[in-house]
Amino acid sequence: MSSTPASPRVQPLTPPRRFIPVDHARVDFTGGFWESWSNTVRDVTIPTQHMRLEEEGFLEVLDFDKPPSPLVRRIQPSGLSMQHFFDSDFGKWIEAASYTLKAHPNADIEKKIDAIVEKLEQGQMADGYLNSWFVRREPEKRWTNLRDLHEMYSMGHLLEGAVAYFEATGKRRFLDVMIRAVDHIIDTFGPEPGKLRGYDAHEEIELALVKLYRVTRDPRHLALATYFVNERGQMPSYYDEEARHRGENPEDYVYQTYAYSQAHMPVREQTQVVGHAVRAMYLFSAMVDLAHENDDPTLKAACERLFDNLTGRQLYVTGGLGPSASNEGFTREYDLPNETAYAETCAAVALGFWSHRMAQLDLDAKYTDKLETVLFNGALSGISRDGEHYFYENVLESHGQNRRWKWHYCPCCPTNIARLITSLGQYVYSATDADLAVHLYGANTAEIALGQTIVRLTQETRYPWDGDIRLALGLDTPSSFTLHLRIPGWCRAARVTVNGEAVDVKVAVTKGYVAIRRAWADGDEVRLSLDMPVDRLYAHPAVGEDAGRVALKRGPVVYCVEETDIGTEPQRLRLPAEARLDVAYDPNLLGGAAVLTGEALEAETSDWNGLYRTAPPALKPRAFKAIPYHLWANRDPGAMLVWLNEK
């Protein structure tokens, strides 16, 4: 009980300009959902991914003192080989591994990273250029095809890895290597006379440069990121000029339109999310960063428009995005096929990056709601419960043809989901000198600095399996600040108390966050209760695939039905609109999860002769069980369905 009797102040408050995410290493998951996943990724995923990088020949590309081996990834019709961007995969692995090192030192992992860094340093060209493909195979062709060959994309992921490793260990070697590479890019690209006025078609370097700037505070690093974003989509297109210089006809471009890489018009003029999904999410993440660093409201406004377009017309219920395999991205609004959904794991992870950044710039729960959807569904489905098998595509319907794999021809997703989970602590809390925002819920302890005040926060909860959350505050001396608690958009009734005294949520909430301003003292306790019934979701009528269907969601978790649980293909089920749905925690389901059970109807086929007839099938009762979508394809092979037929 607080020693300070002051009542919580509940009037709506204007949030500060930008919250700063808490250092992920200051958040320790203590039991519950995310501790289990964090431990799995740290203890299983990180070591086995390095093993796969060795087995599949990825690290061999760093043997700069040897002649290059035959390609392990063929050249595609576009002229691109997956091997062009092998650097990006061990860059992301280093980043993910570094996040674990900061709180859990591991000499073996650190030794493996140092070995990669040593080879990168040895291979770096005298002018700072660093890309294993071009250094070893085609040095004369460097910077001749930004449209197709991912040079700066790979450098960007190496740069993010270098920043993370420096922050985790204090070692500068890798960081200095990448600063030299950035110096070379600065000398090569820009609007100044004698420089190339280009930019990489696969965005990534932009957000990496902002991360670097936040470490070095070198204005050149921020200026380069700003240039790349501002130059994107300017006409005439640099890619046309570049193609002609190579002796190619720009009209022969395999994707036909520069919308594929969001380079069809300047970024501030874009109103619809188009093209390759991962590229788009990386670009928009960088735009939010630059909106803050440059105090640029035009970039913020563009991101707001694009976010509303994506979430209102193009996003799967799971948080997956990009329905098409042909461009790994978007087609038209409301095109959300289930069985052929591409919904790349990397895209969902990157949507998490973008959503989180938006929430720091504008404390609005609609952004964090999408982050949460991604975390519990469309991104987490990309990794198996054992931590070493994956999905590249995250379909919402299967007839049993989908299997998780231990590695992929283009394994960008495993390291991406790993770096999201290993850095998860930074997504839970953020702060200013006078504000503490709680974005996500899960059992953890955290140490958070608000100016000169240190708040030790303990969160106790079984979330996402129930909606009761207890937050205990530890303070050396009483301190006045505003605590912002997110009320998820799916929650229709929430209750908040401070030391047992009720807070009027309707009065205190602004853009989905309850703001409680008071003088806090050691031992203060906040309790939050979020009603968590099972929701039936229906898609917009323009989503023809889901007409007459219903999806089940409880709290942040989307559910699916697997054949292994019901003994038949779930496509045969009809869920009555009035069917009762029960919730039970199953401790034996892949580490424990809340499941849904109820009575459905199954279409009878035993009396069916031929392919068609004039009478509909008879329906018989059938018990069904639904499990969290992120857990599917972890047991026996079989059919799966998210959108159930409704009767």
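Here, each number is a calculation from the coordinates, and none is a lab measurement. Note that the structure is predicted; figures quoted are calculated from it, not measured. We place every Cβ from the backbone using ideal geometry, glycine too, and count neighbours over all the protein chains shown.
Sorted ascending by nearby beta carbons within 10 Å, beginning with the fewest, 176, 476 become 476, 176.
Remark: spin-label model distance residue 51-residue 433 equals 5.1 nm, labels positioned 7 Å along the Cα→Cβ axis.
Segment residue 254..residue 410, full-extension length gain: 54.3 nm, with 0.36 nm per residue of separation and the alpha-carbon distance subtracted.
Here the residues 94, 116, 186, ranked from fewest to most Cβ neighbours within 10 Å of their Cβ, fall in the order 186, 116, 94.
A DSSP coil position with no more than 16 other Cβ atoms inside 10 Å describes the following trypsin sites (Lys or Arg not before Pro) in the range 316-375: 332.
For the chain, the gyration tensor built on C-alpha atoms gives an oblate shape. Its axis ratio a/c (a ≥ b ≥ c) is at least 1.5, and a/b is not larger than b/c. Please give the net charge around residue 188, taking every other residue with its beta carbon less than 11 angstrom from that of residue 188, where Lys and Arg add +1 and Asp and Glu add -1. Neighbourhood net charge equals -2. By the rule of a C-alpha distance below 14 Å, with chain neighbours fewer than 8 residues away ignored, the aspartates and glutamates paired with residue 647 are 546, 578, 599, 602.
Under the criterion of Cα pairs below 8 Å and six or more residues apart, the relative contact order for the chain equals 15 percent. Could you please state, rounded to a whole Å, how far the C-alpha centre of the range 147-184 is from the C-alpha centre of the range 385-451? The range 147-184 and the range 385-451 have Cα centres separated by 22 Å. Less than 5 angstrom separates the built amide H of residue 467 from those of 530, all sequence-distant by 5 or more or on a different chain. When +1 charges are put on Lys and Arg Cβ atoms and -1 charges on Asp and Glu Cβ atoms, the dipole computed for the chain relative to its Cα centre reaches about 880 debye. With R₀ set to 60 Å, the beta-carbon distance separating residue 69 from residue 519 gives a calculated FRET efficiency near 0.35. Projected label points at residue 107 and residue 623, each 7 Å from Cα along the beta carbon direction, are separated by 5.4 nanometres. Near residue 52: Cβ cut-off under 11 Å, other residues only, Lys/Arg at +1 and Asp/Glu at -1. The net charge is -4.
Applying a threshold of 25 Å to the alpha-carbon distances of 92/211; 211/370; 102/511; 66/102; 141/300 flags 102/511; 66/102; 141/300 as lying beyond it. The peptide list 411-422, 67-78, 569-580, put in order of mean Cβ contacts within 10 Å with the highest first, becomes 411-422, 569-580, 67-78.
The stretch between residue 308 and residue 599, if pulled fully straight at 0.36 nm per residue, gains 101.1 nm over its current Cα-Cα span. Net charge of the neighbourhood of residue 621, taken over other residues with C-beta under 15 Å away and scored Lys/Arg +1, Asp/Glu -1, is +3. In plain terms, the chain from residue 466 to residue 218 could stretch by 84.7 nm, reckoned as 0.36 nm per residue minus the Cα-Cα distance.
In the chain, helical runs assigned H by DSSP with n ≥ 4 each contribute -39500 (n - 2.57); averaged across all residues and rounded to the nearest 500, the mean residue ellipticity at 222 nm is -10000 deg cm²/dmol. Annotation for residue 326 and residue 173: the two label points, set 7 Å from Cα along the Cα-Cβ direction, are 4.9 nm apart. Cα centroid separation, the range 260-282 to the range 357-382: 20 Å.
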